[in-house]
């Protein structure tokens, strides 16, 4: 029975580390860019857009091109955030590849 208690204790420690990692991830800010830095998007760790920076050169383009550049910059930032989140989660779990929303059953 000691092994089960030990395993349960380790699982609770892992759960706490996961909560800490999730809190750290919320504080992360990443940048995504498109069009050779014509447009930049800053995202928080919970995928909230913090800012959109459109260069003067980009403002000379048509609205459709600007929209595409914003979407591309957002997608780039989203990918950067996924990578950064995975790094933080890996630190917390000691290298286990668990999903960010992983829940332990207690």
**OP:** Would you kindly calculate the translational diffusion coefficient of the range 2-93, applying Stokes-Einstein with the Kirkwood radius from alpha carbon pairs, for 20 °C and a viscosity of 1.002 mPa s, and quote it in µm² s⁻¹ without decimals?
**Re:** 144
Subject >> residue 68/residue 10 FRET efficiency (R0 30 Å; Cβ-Cβ; nearest 0.05) >> reply: 0.05
Original post:
On full extension of the chain, what length is gained from residue 27 through residue 47, given 0.36 nm per residue of separation minus the C-alpha to C-alpha distance?
Top reply: 6.1 nm
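FYI, it's all coordinate maths here, none of it is from the lab. It should be emphasised that the depicted structure is a prediction, and the values quoted were computed from it without experimental measurement. Cβ atoms come from the backbone with ideal geometry, glycine included; neighbour counts cover every protein chain shown.
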